[in-house]
Every structure is written in C-alpha cells, then in structure tokens.
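Here is the structure we will look at, set down as structure tokens.
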Amino acid sequence: MMSVKEPPNILWVCTDQQRWDTLGAYGNPFVNTPVADRLAENGVLFENAFCQSPICTPSRASFLTGRYPRTTRCRQNGQDIPADERLVTRLLKDGGYVCGLSGKLHLSVCNPEVTKGTERRIDDGYDDFHWSHHPPPDWPTNEYTQWLREKGVTYNTPSYNGSKYVQAGMPEEYHQTTWCAEKAITFIQESAHYDMPWCYTVNIFDPHHPFNPPVEYLERYLDKLADIPLPNYQSEELGNKPGYQQNDHHNAYNTAGWFDHDVMNESDHRLVTAAYWAMCDLIDVQLGRMIAAVEESGQLDNTIIIFMSDHGEMLGDHGIYLKGPYFYESAVHVPLIMSMPGTIQAGVRSTAMVELIDIAPTLLEAAGLEVYAGMQGKSVWPILTGAADSSEHRGSVYCEYYNAMPWHKTPTAQATMVRTDKYKLVSVHSLGQGELYDLENDPTETQNQWDNPDYIGVKLNMLQLLCDRMAWTVDPLPVRQADW
C-alpha cells in the first residue's frame, strides 16, 4: 500500500449535474474556468471518468461507498440509503479524520412533503454538517436560506428577460455556490490550527436546473450567443431509440411541455447553454477561493483536492433536456481532476477508463487506511502517483438506471449500460429495446446499431460483457471467514 508520509487532508468538491465538457481543460473554448484548468495543470485530469448512475441519489450513494447502486440498495431518488452502508467519510473518521460538509447530501428521501426538516442521515462520519439540499426555501433547516435571512436577503429568481427556460439567479454575493464555499473556507482556516487530518466535501447544487446563474455571469455570454453551438441532435435520430426518449423529447421529466425541444428556438437553446456555462463559471470562481484558503493556511502541500460531478446534463443533446434513463456521454461522462503538489503527478491527462466508485478506495489508500471489504471500486492512487500507466485502469465502465426517477410509468424505465473505448451498449430491460453505438465511427452517438445485422457480433460480445459486469455487482459482503 502506497501512501503519503502523513495522512493528507482532502478537499472534495462535487457539483451537481455538470458535464465533463464544461471546463476549458476538457476543450470548451467558451467557458471561463481558469481555476479548474490550473488544477488540471497541477494534477491529474481523467479524460474518461463515468458515474454509475445518471441520477443524483444512486450516484452519490455509489461513489461515497465505493459500491454499485444495486449493491447499496439505494437505486432511486426518494429512497433512503440503508443504515448499514459505510460511507468513506465514516471510514476516514474512524481513521482519525475530522469530516465536514456544506451543501447537498441526498442519500435519503429529500422531498419537503415527506421530509419536514433535514434529510435523514446514517452514521456518515460528518462532524461539521451544513445542509442545503437546494437553494429554494423549502425547509426551515436549509442553512443557505437561513444565511440569506441573517443578511436580510430574500431568495428570488425571476425569469430572465421573459425567458421560459432561464432565470435571473441570485447575485454572486448571495448565491448558494458562494455560501457552500464560505462554509468550506471557514472549516479549512480553522482546521489549520489543529494537528489532525480533515476531509471536507463541498456539494454545490449548481449547475443543476433551473438554469439561473447570476445575471452578471450570464450576460458575459450575450455578445457571443450566436457562436454557441446548438445541441447535438439530428431530427431523425430518435426514430429507432427507446420510446421514452421520444416522449422526453417533448416532455422533460415526462412533464407535459417542459423543455419541449421542438418548441424551443435556436435562441432558446443557446441561452440555456449560456446560463448553464455561466453557472459553471461561478463554481470555478468559488473553487479558486477554496483553494486559496488551503494555500494561504499553509496546507496545500498536504491536501488532496478533487473536482468532480455526480452525473451530467443532456442540455438538449439528442433532443432531450435535464436527465433521466439515458446513458449518452452528456449524461454519464463527468469531470474528474485530482491534485496534490509533490505527491500527485502534475500535468497528466489520464485516458484510462475510471468509475466514480474508484474514488473512495483511492482516498483510503492515500490515507494509509485499510480499504473496506465491501468496496467494489478500484483505487487510482497508483495512477495519481506515477506508479501505474495512466492509460490503463479498467476495460469497461458500467452504469445503472432502475426506475431511478418516478416519471416513467407503465412500464417503468429499467436499463443498464456498459461502455468500452470503442462501443457503448444499453439494454432497456423494461421495453425489450436497446442502444448500441460505435464510438469510433459515431462519437456523437447518433446512429443506433442495435438492430443492424452488421453489428450482431459486436452486440453479442457487448451483451456478454454487460452480463459479466452485472454479475460483479454482487455484494462482496459478508466476508467469507472459512472454507466452509
């Protein structure tokens, strides 16, 4: 086991619904993300990192435990994570860490009709817990809206210039992203005075919809709005794809007329994209403030900094907005950057396929702690430290959707995905349909080859691989204690 001389601190920044292609470091020429880009220059950027579910709760339960959604038994939004699941933050606390959180947790049901106060927690290891599931004042315990009230400010996000799709968000000074960062900064500064390692998870709600950046951030894009690319969509492409995609083309979240792709004009599409990118730009500014606090308090050389997201956003690609039972790159491909000067390699772009469940065992290995027997992830610490080839880690990535959101009924949406460097296969178990993409010849995932006889061999091989990956979601617990 390879670890640093002292247990490293961990600043773990996780955004919500942020695609991998929203940073300059991933090739986006429009966004303004110098902090994340610099973090990549000083660390390892994973070009092929994927979530294990394109939906919040199952994804978060998965990467916080290092276990697949089906294994955690937390497969859906609106489910409670079982109390016996062991979060990496709990394991770190057991190893001597002090752990904190600001923002979203979402490992249990979090609906104001059911959850009247703070969402239910298991023994998660957090000593410092500042909860704000989302910015609107739906709970009296929402610390962000409490913070606004202390400042004499009311949460208000009106339509931006009459747009049906974009709102004028809270100013930067009063934004939830800013609040999340400020809580982290206070913790970082205070922790510098104590001789104990810490882990702080910053769970920013943005750039999750509604699309409501501060106006000053959105308006930076207005003079180049006409240059923003339209969504990746061809009008005929949904014809041989799963039926719920055709429905959601007109009804995001299966809600009549919500983000109806055909009703939206080119200006609408571009304004939504600009708003989404503007939310990412604000995140970058606040990331910079947090990193500065680590550096100014003398902790930079012994702090692992992680920047990632729980899943992506369709953003109009393939004629669909928001998220759902889709496994396009827009939905499952996420940013992942890790840095620690002097320990993690600088300026490395890893092409290895990585799953988000790999983060939890990575952190335990970095801290010199035993990897929990229930974890199914595979540590990337050897890649980070230069002890392993940065182009090799997994042969495939696996992702699940088991009626993860309740919008699709009769039948529900039940699907699984496996992806290699050349192909992606999605089996829709509830419809008897599927998707197969040749990523080398069709990187935009427009042409579904599921029923193409020329791809029958590829399809069979990928189905076998999917079957194998599903089999290995079997829970490794309880641990075998003897031969019989």
Subject >> Positive-pole candidate from Val272, Phe259, Gly298, dipole of segment 218-327, charges at beta carbon >> reply: Phe259
Subject >> Long-range amide H partners of Cys99 with built H, under 5 Å >> reply: Asp127, Asp128, Cys199
Original post:
Say R0 is 45 Å: what FRET efficiency, to the nearest 0.05, do Glu370 and Thr444 get from their beta-carbon distance?
Top reply: 0.55
**OP:** Indicate, rounded to the nearest 5 percent, the antiparallel portion of the DSSP beta bridges found entirely in the chain.
**Re:** 45 percent
**OP:** Provide the packing ranking of 318-328, 365-375, i.e. peptides ordered by the mean count of other C-beta atoms within 10 Å per residue, highest first.
**Re:** 318-328, 365-375
Original post:
Suppose R0 equals 60 Å; then what is the FRET efficiency for Tyr155 and Trp484 from their Cβ-Cβ distance, rounded to the nearest 0.05?
Top reply: 0.45
Original post:
Setting aside same-chain residues fewer than 8 positions from Lys422, which aspartates and glutamates have a Cα under 19 Å from its Cα?
Top reply: Glu47, Glu329, Glu355, Glu392, Glu435, Asp438, Glu440, Asp442, Glu445, Asp451, Asp454, Asp468
Original post:
Between Phe129 and Asp21, how many nm apart are label points set 7 Å from Cα along the C-beta direction?
Top reply: 3.9 nm
**OP:** Measure off, as a whole percent, the carbon and sulfur share of the 1.4 Å-probe accessible area of segment 379-484, all protein chains present.
**Re:** 53 percent
Subject >> Cα-based equivalent ellipsoid, segment 401-444: semi-axes from gyration tensor eigenvalues, Å >> reply: 24, 9, 8
**OP:** Using a 1.4 Å probe over the heavy atoms of the protein chains, calculate the carbon and sulfur portion of the accessible area of segment 37-106 as a whole percent.
**Re:** 39 percent
Original post:
Rounded to the nearest whole Å², what accessible area per residue is found for segment 345-484 with the 1.4 Å probe?
Top reply: 47 Å²
Original post:
Can you list the HN-Hα couplings for segment 51-64, worked out from phi with the Karplus curve (6.51, -1.76, 1.60; θ = phi - 60°), rounded to whole Hz and with x for Gly and Pro?
Top reply: 6, 9, 7, x, 10, 4, 4, x, 5, 5, 4, 5, 6, 7
Original post:
What is the sum of charges around Lys164, taking Lys and Arg as +1, Asp and Glu as -1, for the other residues whose C-beta is under 13 Å from the C-beta of Lys164?
Top reply: -2
**OP:** Mind checking the per residue accessible area of segment 158-270 for me, 1.4 Å probe, whole number of Å²?
**Re:** 45 Å²
**OP:** Summarise the accessible area of segment 264-351 (1.4 Å probe, protein heavy atoms) by the percent that is carbon and sulfur.
**Re:** 46 percent
Original post:
Going 7 Å from the Cα of Gln234 toward and past its Cβ, which residues in segment 403-442 have a backbone nitrogen under 11 Å from where you end up?
Top reply: 442
Subject >> Kirkwood hydrodynamic radius over Cα pairs of segment 83-179, then Stokes diffusion coefficient at 4 °C and 1.567 mPa s, in µm²/s >> reply: 85 µm²/s
Original post:
What residues have an amide H closer than 5 Å to that of Tyr233, excluding those fewer than 5 places away on the same chain, when H is modeled at 1.01 Å from N in the peptide plane?
Top reply: His318
Subject >> Unit charges on C-beta of K, R, D, E only; dipole of segment 94-252, Debye >> reply: 440 debye
Original post:
Which of the peptides 275-284, 20-29, 51-60 is most tightly packed, and how do the rest follow, judged by the mean count of other Cβ atoms within 10 Å per residue?
Top reply: 51-60, 275-284, 20-29
Original post:
If you find the alpha carbon centre of segment 331-388 and of segment 9-84, how far apart are they in angstrom?
Top reply: 13 Å
Original post:
What are the ³J(HN,Hα) values, in whole Hz, obtained from phi via the Karplus relation 6.51 cos²θ - 1.76 cosθ + 1.60 with θ = phi - 60°, for each residue of segment 429-435 in sequence order, with x given for Gly and Pro?
Top reply: 5, 8, 10, x, 10, x, 9
**OP:** Report the charge-dipole magnitude of the chain in Debye, nearest 20, computed about the Cα centre from +1 at each Lys and Arg Cβ and -1 at each Asp and Glu Cβ.
**Re:** 960 debye
Subject >> Alpha carbon centroid spacing (whole Å) that separates segment 248-265 from segment 158-199 >> reply: 31 Å
Subject >> Packing rank of 145-156, 329-340, where each peptide gets the mean count of other beta carbons within 10 Å, highest leading >> reply: 329-340, 145-156
Original post:
Ordered by residue, what ³J(HN,Hα) values in Hz, to whole numbers, does segment 182-197 give under the Karplus form 6.51 cos²θ - 1.76 cosθ + 1.60, where θ = phi - 60° and Gly and Pro are x?
Top reply: 5, 5, 5, 4, 4, 4, 4, 5, 5, 5, 4, 8, 10, 8, 7, x
**OP:** Could you compute the FRET efficiency for Ala192 and Arg289, with r as their C-beta to C-beta distance and R0 at 25 Å, rounded to 0.05?
**Re:** 0.95
Original post:
Based on Cβ point charges of +1 for Lys and Arg and -1 for Asp and Glu, what charge dipole magnitude is obtained for segment 1-67 about its Cα centre, in debye rounded to the nearest 20?
Top reply: 240 debye
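The values are calculated or read from the model by the stated rules, or taken from the named source; none is laboratory data. For clarity, every value in this text was computed on a predicted model and none was experimentally measured. Note that we place each Cβ from the backbone using ideal geometry, even for glycine, and neighbour counts take in every protein chain shown. Side chains included, ligands, DNA and RNA excluded: accessible areas come from the protein's heavy atoms. Shrake-Rupley method; radii C 1.70, N 1.55, O 1.52, S 1.80 Å.
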